[in-house]
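The block underneath contains the structure these notes are about, expressed in structure tokens.
The values are calculated or read from the model by the stated rules, or taken from the named source; none is laboratory data. It should be emphasised that the depicted structure is a prediction, and the values quoted were computed from it without experimental measurement. Backbone-built Cβ (ideal geometry, glycine too); neighbour counts: all protein chains shown.
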Amino acid sequence: MVLFSTGRLTGNGPMAFGRSIITPGGEPRVEQVSSRHALEEFARLPYQVYAGRPAWWPPDVQNEIDFLTRRTPVAAYLDVAGFCARRGQHMVARVSAVINRRYNQHWNEQLGHLIHFEALEEENQATVAMLRAAMEWLRARGMVAVRSGFAAFLDYPYGIDNYDRLPSFLLRGNPAYYHCYLKDAGFEVEKGQVDYTAALDGETRSRYRSIVDGALARGVSIKSWREYGFLAAIDAWTEVTNAAFARHWGWNPVTRAEVRPMLVSLGDTAVADLSIVAEVQDEVVGAVFSVPDWSTMLARIKRGVTLDPDRGGGTRGALINIGVTESARGRGIALAMAARSFLTMAQQGMRYAGYTLVLDDNWASRRTAESLGARVTDNFVTYRHTF
Ligand SMILES: CC(C)(COP(=O)(O)OP(=O)(O)OC[C@H]1O[C@@H](n2cnc3c(N)ncnc32)[C@H](O)[C@@H]1OP(=O)(O)O)[C@@H](O)C(=O)NCCC(=O)NCCS
């Protein structure tokens with residue numbers, strides 16, 4: 001655990017707040033997290049934040065520790081520092097400052113990211129001091145702005161509604177007061193995102209069948225990852241996603257070497273049946289990654305609590321990602337892949353399908369979701385602060 005010295009904190013003008021964060025006697029103080037014990041506390045802070053929730057998605061503690069100690073495949077592209085705020089010995093807030101060199105090169109932008117943000121309530125002073133310390137770490141390394149709430153594979157946006165309901169898999173179910181902390185630290189909304197849900201009723205399913213049949217009749221091959229070959233499908237997904245998302249806000253290119261270990265263990269799960277590859281004349285032009293309802297396995301659900309069927313409990317699958325290469329767009333390929341995925345969800349007993357996280361202004365994706373009969377069910381925002 002490295003405690004900031006006052007000298008380090010006050011080296012630059014904007015760090016004047018540094019004096020006040022290292023005051024004794026119960027005042028909050030900010031630390032850069034490094035010891036094994038502090039890393040554990042850091043990774044486990046969400047267990048305090050969400051303790052009262054009827055249902056929430058817990059963090060992957062070991063994965064976060066591995067990330068902060070640079071033991072994950074993405075470490076080669078990142079500079080990372082974990083920060084926390086404490087009151088006495090008690091950790092009250094945490095965040096990781098990340099410089100994603102790959103993102104910055106791709107977009108030709110010196111943008112830092114703040115990920116892993118979590119904080120207890122009524123801790124404005126401590127939390128804002130921590131956020132500012134993390135931002136100063138980024139600024140001192142040449143970043144001109146910072147984003148919190150979206151980084152490919154690393155961070156997801158902040159919910160602005162449905163605070164008491166289990167969000168879609170991967171998405172944040174943050175407390176409402178997080179917005180207050182981020183705004184107090186100088187952040188403004190950069191982007192809005194929405195999450196869609198479709199009810200897989202009989203009429204909808206027969207419409208999906210005609211959508212899939214129509215694509216097949218036009219010579220588009222629609223296969224599950226299991227049919228295509230799961231390992232080959234992982235690489236196909238990586239290639240299509242890099243091509244389709246090349247100019248998609250927030251994305252950065254990813255490599256086969258990092259995607260393979262993330263997905264390979266899912267080959268024996270329903271992911272292999274729900275995820276889809278589309279080909280035209282033997283060329284892969286589209287890919288979908290979908291998951292079954294993992295809430296019963298991964299979410300922490302209080303005893304006696306029954307989730308609404310459109311939120312989880314074994315009845316809500318989710319399409320996490322969809323992409324079609326530019327030259328193949330506008331021919332119903334996205335619709336057909338999603339329809340096939342949703343039909344398989346229905347065959348496996350799911351009654352609802354999520355269409356996860358669409359940028360407010362991504363009309364092609366909005367129309368795809370709406371053509372599938374999905375409706376917006378949750379809203380999210382990503383924040384930015386320019387130094
Ligand atoms: C979003 C995307 C997957 C759509 O793929 P596609 O194969 O072109 O979509 P489809 O041809 O199946 O069209 C689906 C619907 O969207 C509409 N649509 C397609 N492109 C559109 C565009 N650029 N603007 C507005 N509507 C559009 C179609 O008209 C159709 O609606 P309809 O049924 O009411 O006619 C594709 O544009 C893409 O890969 N974009 C980049 C990655 C991305 O944004 N992924 C989604 C992240 S949430």
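Odds and ends about this structure:
- Enumeration of residues in the range 332-363 that are in contact with a helix residue (DSSP H, G or I) (Cβ under 8 Å, 6 or more places away or on another chain), more than 20 Å from Val376 (Cα to Cα) and not hydrophobic (A, V, I, L, M, F, W, C): Gly332, Arg340, Thr344, Gln348
- Residues in the range 246-259 that are under 18 Å from the mean Cα position of the chain (by Cα) and part of a helix (DSSP H, G or I) were compared, and the one that is nearest to the ligand (Cβ to nearest atom) is Val259.
- Note on the range 364-387: residues that are within 15 Å of the ligand (Cβ to nearest atom) and assigned to a strand (DSSP E or B) amount to 7.
- Listed by position, the helices (runs of 4 or more DSSP H) inside the range 43-147 whose residues that are under 30 Å from Asp310 (Cα atoms) number at least 2 are 61-68.
- Taken as a whole, the structure leaves Gly82 outside the set of residues that are touching a Gly at 6+ places or on another chain (Cβ under 7 Å) and among the small types (Gly, Ala, Ser).
- Annotation note: of Gly354, Gly323, the sole residue that is closer than 20 Å to Ile234 by Cα and within 18 Å of the chain's Cα centre (by Cα) is Gly323.
- Residue in the range 288-298 that is more than 26 Å from Trp363 (Cα to Cα) and of a type in the set (Gly, Ala, Ser) present: yes
- Tally, over the range 104-115, of residues that are surrounded by 23 or more Cβ atoms within 10 Å (Cβ to Cβ) and in contact (Cβ under 8 Å) with a residue 60 or more places away in the chain: 0
- Verdict on Glu190 being at negative phi and surrounded by fewer than 19 Cβ atoms within 10 Å (Cβ to Cβ): no
- For the criterion of being surrounded by fewer than 22 Cβ atoms within 10 Å (Cβ to Cβ) and more than 28 Å from Glu258 (Cα to Cα), Asp164 passes.
- Residues satisfying the stated conditions in the range 37-55, i.e. touching a residue at least 12 places away in the same chain (Cβ under 8 Å), among the aromatic types (Phe, Trp, Tyr) and surrounded by fewer than 20 Cβ atoms within 10 Å (Cβ to Cβ): Tyr50
- Helices (runs of 4 or more DSSP H) enclosed by the range 265-363 - at least 1 residues per element that are within 10 Å of the ligand (Cβ to nearest atom) and at pLDDT below 95: none
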